[in-house]
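This report refers to the structure that appears directly beneath it.
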Amino acid sequence: MSRVGPTVILLDVDGVLNFFDPEPDGPVATAEVGRWIIRWRPDVLDLLKALLALPEVEGVWLTSWLETPWLLDDLEQQLGLEGFVPHRAAHPAIQTKTGGTVIDERFGEQISFSAISRRWWKLRSAELLVRRLGALRLAWLDDELPLANNSGEGSIRLSRPSIQLLVKPEPTVGLTESDMRRLRAWAMTTGASDGTVTLHTSEHRGILRATVGNAANGGMVHHDLMSTSHSVITPAELGRELGHNDGERPGSTVRRYLRERYPDHRKNQRWELTQDEADDVRVHFRGRSS
């Protein structure tokens, strides 16, 4: 009987779980880890825990926090993820509390810390991890994933497994509840014998891409999984589209208008606009500038 491998979820921290928007919508939790302030969405973490608790789903840390394992331990505790992420990917140079460095020679001397390099350390680390766990499917969540364009040119390449989902959140927003529901739907979906993935979804803040292909010959086909009937738009996206200069508070100009336009909107609830609502915002601001 052939062994069925797990669905592996590779998790980055900064820009994914720890987001950078200084004025976020919705409930937010914070904690101090080392000398850094970490901010996350409790509802997203609850959905992530539910995903990682599914049978045959294995969570893996693949993050620069691997360089300081004791801080990653603390982070895991603050997030309430102890036991939910049982694996840690390899890192080229792990620091010790005594000031030493443990070098992993499997990365080689030419390893790069730039995501646009073909020698990106996370790419090598993912390859080692997939081999070790015998992953059947892989979802990789990282705000630095090099997904260049819709044709797949310049995007990341892993020869295995044959079914991959690459999720690149907007770092100011990080993962959202809708992202996690789509990820869970993918994790619970079985690919057909020809390697296709049956999933209809949309990703409005970053890039959500499924990769299917033949692992034997390394051939990969990328599909951006979009569904315009369910797409929503955020104030940060609209602000960029409209050319607003909001500095470190992307979307704040749009949010001010929305609070006046929809006074019954619950305080601290995220703004996720339909196409019609977004068009109303566009008309308002473009009409003022004309």
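The values are calculated or read from the model by the stated rules, or taken from the named source; none is laboratory data. The shown structure was predicted, so the numbers you read here are calculated from the model rather than taken from an experiment. A quick note on method: Cβ atoms are made from the backbone with ideal geometry, for glycine too, and the neighbour counts reach across all protein chains shown.
The table below gives the values:
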quantity: Within segment 221-245, considering residues that are assigned to a helix (DSSP H, G or I) and over 15 Å from Arg286 (Cβ atoms), the one modelled with the highest pLDDT; calculated: Pro235
quantity: Qualifying residue in segment 36-45 (condition: basic (Lys, Arg), part of a loop (DSSP other than H, G, I, E, B) and modelled with pLDDT of 90 or more); calculated: yes
quantity: Residue satisfying all of: in segment 62-79; hydrophobic (A, V, I, L, M, F, W, C) and surrounded by fewer than 22 Cβ atoms within 10 Å (Cβ to Cβ); farthest from Ser114 (Cα to Cα) among these; calculated: Trp70
quantity: Breaking point among (1) assigned to a loop (DSSP other than H, G, I, E, B); (2) free of Cβ contacts under 8 Å to residues at least 40 places away in the same chain; (3) buried (at least 18 other Cβ atoms within 10 Å of the Cβ), for Gly83; calculated: (3)
quantity: Some residue of segment 14-21 being part of a strand (DSSP E or B), touching a residue at least 60 places away in the same chain (Cβ under 8 Å) and surrounded by 14 or more Cβ atoms within 10 Å (Cβ to Cβ); calculated: yes
quantity: Qualifying positions in segment 253-276 - out of contact with any His (no Cβ under 8 Å at 6 or more places or on another chain), in contact (Cβ under 8 Å) with a residue 24 or more places away in the chain and assigned to a helix (DSSP H, G or I); calculated: Arg255, Gln275
quantity: Matching residues, segment 106-149, being out of contact with any Phe, Trp or Tyr (no Cβ under 7 Å at 6 or more places or on another chain) and among the basic types (Lys, Arg); calculated: Arg106, Arg118, Arg119, Lys122, Arg131, Arg132, Arg137
quantity: Residues within segment 22-47 that are closer than 19 Å to Gly80 by Cβ and either of a type in the set (A, V, I, L, M, F, W, C) or buried (at least 21 other Cβ atoms within 10 Å of the Cβ) (or both), tallied; calculated: 12
quantity: Selection within segment 76-85 - out of contact with any Asp or Glu (no Cβ under 7 Å at 6 or more places or on another chain) and over 11 Å from Leu11 (Cβ atoms); calculated: Gln77, Gln78, Gly80, Gly83
quantity: Residue that is nearest to Val173 (Cα to Cα), among those in segment 251-269 that are in contact with a Pro (Cβ under 8 Å, 6 or more places away or on another chain) and not hydroxyl-bearing (Ser, Thr, Tyr); calculated: Gly251
